[in-house]
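Down below is the structure, laid out as structure tokens.
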Amino acid sequence: MFGRRPTISSVKGMVAAANPHAAMAGARLLRAGGNAFDAIAATAATLNVAEPYMSGLAGMGMATCYIASEKRIRTLDFITPVPEKFDATKVKRSDVARGPMASGAPGNLAGWCELVRAHGTRPLSEILAPAIELARDGIPVSENNADNIGQVIPELKGYPDIFAGWSKNYTGGTGILPYGSVLKQPDLARTYEAIAAEGPGYLYGGALGRAMVDHLQSLGGVMTMGDLEAVKPVWLDPVQVSYRGVAIHTLPPPCEGFQYLLTLRILEGFDLPAMERNGLRHLDTVLRAIRLAAGERIYKNNPSPEALAEILGDANVDRLRQRVADGRPVIGPTEQWVEPQPEVEGVDRDHTTSFSVADAAGNVVCITMSLGAKFGSGVVIPGHGVCMNNFLYWGELDPRGRNFMRPGGPLALPTAPSIGLRADGRPVLALGTPGSYGICQTQSQALVQHLDFGLPIQEAISAPRARLLDGAVVQLESRIDEEVVTGLRRKGHQITMLDSYSLSCGGMQGISIDPDQGVLTGGADPRRDGYAVFP
């Protein structure tokens with residue numbers, strides 16, 4: 001018990017988010033009588049203020065929801081299409097790393113508003129109030145904030161056309177934002193006030209949208225008002241698999257979360273509880289399953305429903321289980337197309353946020369959303385305080401890839417917000433994480449800790465994890481015994497050691513639910529400023 005994060009449980013509701021200010025915003029809505037859909041939107045908007053480098057209203061995301069009144073799970077996809085005037089054959093990878101060509105149309109605001117419209121109970125003015133107050137009054141910069149922002153400043157300075165606007169918005173033009181200072185975002189506060197008064201139309205066809213398009217086009221971007229006006233979140237039925245008696249649900253393709261489900265299907269065939277937790281057999285089995293599932297996703301991405309059924313079907317899963325068990329090294333890609341894509345120095349894709357809310361009425365919502373890289377494209381819309389995403393950096397410029405970006409075509413992203421139901425159809429778990437192509441990897445590892453080894457949700461999230469990269473590379477947190485690391489190397493894993501807790505392995509938040517007792521327990525990742533809060 002001592003030396004660990006405390007267990008945070010409640011019967012009145014639970015919010016688990018990557019920042020305490022955001023978690024408290026969600027709890028504030030629950031305490032005022034709102035439901036999980038109101039609270040998740042309040043949490044999302046406040047995350048925009050509290051960790052502006054990870055997510056914002058101009059980003060994209062996905063949600064998995066258990067709707068108590070309907071006794072079913074639905075998913076909401078608010079990943080927007082490739083802009084109609086974007087031509088992937090005429091751009092270089094560096095063009096979509098930062099700057100005006102990197103952004104897809106914002107989907108997050110539309111997604112938050114759709115969740116509230118469909119199932120919420122509170123007006124936008126009440127839902128956005130915590131974000132407005134925090135943006136106007138300011139947020140003390142935490143060590144995590146200062147570290148993340150400090151890391152990106154030298155890289156953004158290499159883009160003088162956008163750095164001045166970014167620096168004015170986030171540093172008052174000083175170019176620094178140290179630990180203990182106060183980050184105020186008055187332009188963003190006014191933007192949220194306008195959205196509270198006018199609704200999402202303020203962006204999708206209104207004044208903010210016009211300012212966004214004009215500024216991006218003045219810098220050489222291709223986004224149009226038509227791209228914004230076409231944004232429409234899509235409700236979809238989930239895809240699911242059973243793991244240890246729990247039905248795990250996430251979004252269907254073009255979402256890439258089926259890699260997560262395939263990993264679980266493979267692991268269902270192994271007696272992991274009989275293995276030593278964090279021992280050689282446990283880790284080798286899980287790492288091999290993850291890499292094989294990643295390869296299936298890459299080679300067979302964006303499958304039709306029929307093709308997805310084959311991928312998750314017994315014949316394919318049995319073949320992959322045999323490959324896990326044969327002991328030969330598993331070497332292959334984990335990211336995008338089978339030929340490595342050149343990365344742009346300083347621009348990584350692991351900066352996302354995931355958060356969950358459950359209320360006393362039984363509703364559960366899990367969202368994973370992002371700007372892409374830290375501060376997305378780096379472009380801030382003058383006078384509005386809105387930072388644009390760089391999600392076109394996730395798409396494939398190689399026409400041989402299954403996710404080659406075609407004008408108006410879908411963007412396939414590796415998020416997997418998930419909800420688990422037990423056999424009687426009642427929710428028992430919400431779990432999501434950031435981490436780009438590590439999302440489906442690290443969620444699998446935490447779920448094994450929780451369901452196979454019986455760790456409580458907080459301990460399962462805190463447990464050591466790994467991130468797999470292309471080839472045979474495995475980045476492993478240093479809390480694993482040295483003899484286990486040696487054994488993994490002998491089995492063909494190219495191990496590189498991380499810190500004991502590394503953001504490379506995600507920043508997971510989750511809620512476990514005891515439906516019989518009505519107890520909701522939050523788990524928040526110590527790799528971030530994660531907190532679980534109840535009303």
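No lab work stands behind these numbers, since they all come straight from the coordinates. What you see is a predicted model, and the numbers here were worked out from it, not measured in a lab. Neighbour counts run over all protein chains shown; Cβ positions are idealised from the backbone, glycine included.
Could you work out the relative contact order of the chain, using alpha carbon pairs under 8 angstrom and six or more residues apart, expressed as a whole percent? List each step's numbers first, then the result.
Details: 1273 pairs, mean separation 134.2, N = 535.
Relative CO of the chain lands at 25 percent.
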Inset, instruction - Putting +1 on Lys and Arg Cβ atoms and -1 on Asp and Glu Cβ atoms, find which of M62, S444, M212 reaches farthest to the positive end of the dipole of the chain. - result: S444
Inset, instruction - Could you tell me which of L392, L287, P160 has its Cα farthest along the dipole of the chain towards the positive end, charges placed at Cβ (Lys, Arg +1; Asp, Glu -1), taken about the Cα centre? - result: L287
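In what sequence do S354, S125, S502 fall when counting other Cβ within 10 Å, fewest first? Could you put the intermediate results ahead of the total?
Numbers: S354 36, S125 13, S502 18.
The most exposed by this proxy come first: S125, S502, S354.
Taking only the alpha-carbon atoms of the chain, what semi-axes of the equivalent ellipsoid follow from 5 times the gyration tensor eigenvalues under a square root, in whole Å, largest first?
On the way: eigenvalues 221, 142, 100 Å².
The equivalent ellipsoid of the chain has semi-axes of 33, 27, 22 Å.
Counting only DSSP beta bridges with both residues in region 461-535, what percent are antiparallel, rounded to the nearest 5? Could the numbers behind the result be given before it?
Values: 9 of 13 bridges.
Counting only bridges with both partners in region 461-535, antiparallel ones make up about 70 percent.
What's the FRET efficiency of D214 with A118 using the Cβ-Cβ distance as r and R₀ = 35 Å, to the nearest 0.05? Could you put the intermediate results ahead of the total?
Details: r = 32 Å, r/R0 = 0.91.
It comes to 0.65.
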Inset, instruction - List the residues of region 292-307 whose backbone N lies under 20 Å from a point placed 7 Å from the Cα of K491 along the Cα-to-Cβ direction. - result: 292-296
Inset, instruction - Quickly rank 435-445, 467-477, 224-234, 175-185 as a protection proxy: mean count of other C-beta atoms within 10 Å, highest first. - result: 435-445, 467-477, 224-234, 175-185
Legend entry - Under Karplus coefficients 6.51, -1.76 and 1.60, residue-wise ³J(HN,Hα) of region 514-522 in Hz, glycine/proline x: 9, x, 6, 9, x, 8, 10, 10, x
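Order 264-277, 105-118 from most to least packed using the mean count of other Cβ atoms within 10 Å.
Working: 264-277: 17.6, 105-118: 24.6.
Going from most to least packed, we get 105-118, 264-277.
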Inset, instruction - Please list, in chain and number order, the residues 5+ apart from I495 or on another chain whose amide H is under 5 Å from its amide H, with Hs placed from the backbone. - result: V474
Inset, instruction - Report the net charge of residues surrounding P382, where surrounding means a beta-carbon distance below 13 angstrom and charges are Lys +1, Arg +1, Asp -1, Glu -1. - result: 0
Inset, instruction - Give me the net charge of F534's neighbourhood, meaning all other residues with Cβ under 11 Å from the Cβ of F534; Lys, Arg count +1, Asp, Glu -1. - result: +1
Inset, instruction - Determine the sum of side-chain charges near L262: Lys and Arg each +1, Asp and Glu each -1, restricted to other residues whose C-beta is under 9 angstrom from that of L262. - result: +1
